[in-house]
Amino acid sequence: MRLAWRQVELNSPFTSAAEAHPYTDCAPPRRRRSAQCDTRRMRPILRDMTRFGNLATRTQLRELGNSAERIRRELNDRTVHAIGRSWLAAPGVHPDAVRAVALRGRLTATSALATYGVWVSSPIGLWIANHPTASRLPATAESEHRLWRAERFPPTDEKKWRVSLADALLHYACIGREPDVIASIDSALNSGRVSETQLDDIFSASPRRVRRMRKKVRAAAQSGLETIMRLACEAEGWRVDIQIYIDGGRPPARVA
């Protein structure tokens, strides 16, 4: 028995797999392409952009062998689009990163921490960092904030649209609520994104009012909520043990 296939506009980017093959029992098998295969099929400039988080300066792209002519061609083809005079963005870029460079700054505090995979308890708008001597900058909108800070810890990655993780933690420690700040620091420690030695350096560069948080930091918490709960209980005078082993399992915490 022949089955009639429904005609579908296959070239439409909005066509789903179900629409393309409405009779799933007789749909032809689809070959699975590996991520490596997909990367090879990318246009060269898009492959280069992925290493920068899909947001790079023209200089970064030229250093990888992309000529000025190629960059102009990709702009004309709308493969990438320009942000100001220096930056180029590709599909998949984080919108906060785009806004940060449009404001001629870099993501910092909670906005940067989220891109590093660090726990953020309560996002408090967009935070960008600018050097104290920067001038003639675009105006920020509501819920956008500038921090005028010199770089203390240079970034070790190629994503120039954000400050280093150490600077992001340092900046957040100066503006955030103590429980939220400690929850983010616990998260960075637990995940191995910062070491105890690096954390000591961060607190050494902090104002005195921030340094007292150091003794409250614990690396054991696997969730920011565990840290916030621990701090609330300790403020009431209770003892809290995080991620201890008890016969039959490992509860998040024990309060005594």
Candidate set: the stretch 183-204, residues that are part of a loop (DSSP other than H, G, I, E, B) and without any contact (Cβ under 8 Å) to a residue 60 or more places away in the chain; chosen: the one surrounded by the most Cβ atoms within 10 Å (Cβ to Cβ): 194
Hits in the stretch 99-146 - residues which are part of a helix (DSSP H, G or I) and under 14 Å from residue 159 (Cβ atoms): 100, 101, 111, 112, 113, 114, 115
First in the stretch 153-166 and on the phi < 0 side of the Ramachandran plot and free of Cβ contacts under 8 Å to residues at least 60 places away in the same chain, second anywhere and among the β-branched types (Val, Ile, Thr) and crowded, with 17+ Cβ neighbours inside 10 Å, Cβ under 9 Å, 6 or more apart: 153/163; 153/202; 155/163; 163/108; 165/118; 165/194; 166/194; 166/202
Criterion: closer than 28 Å to residue 227 by Cβ and either of a type outside the set (S, T, N, Q) or surrounded by fewer than 23 Cβ atoms within 10 Å (Cβ to Cβ) (or both) - qualifying residue of 158, 144: 144
Residue match in the stretch 167-182 (condition: under 21 Å from residue 93 (Cα atoms) and either of a type outside the set (S, T, N, Q) or assigned to a helix (DSSP H, G or I) (or both)): yes
Any chance residue 98 is crowded, with 22+ Cβ neighbours inside 10 Å and of a type in the set (Val, Ile, Thr): no
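Any read-out appearing in this document is the output of simple, stated calculations on the displayed coordinates, not a laboratory observation. Owing to the predicted nature of the structure, the values given are computational and were not obtained by experimental measurement. We place every Cβ from the backbone using ideal geometry, glycine too, and count neighbours over all the protein chains shown.
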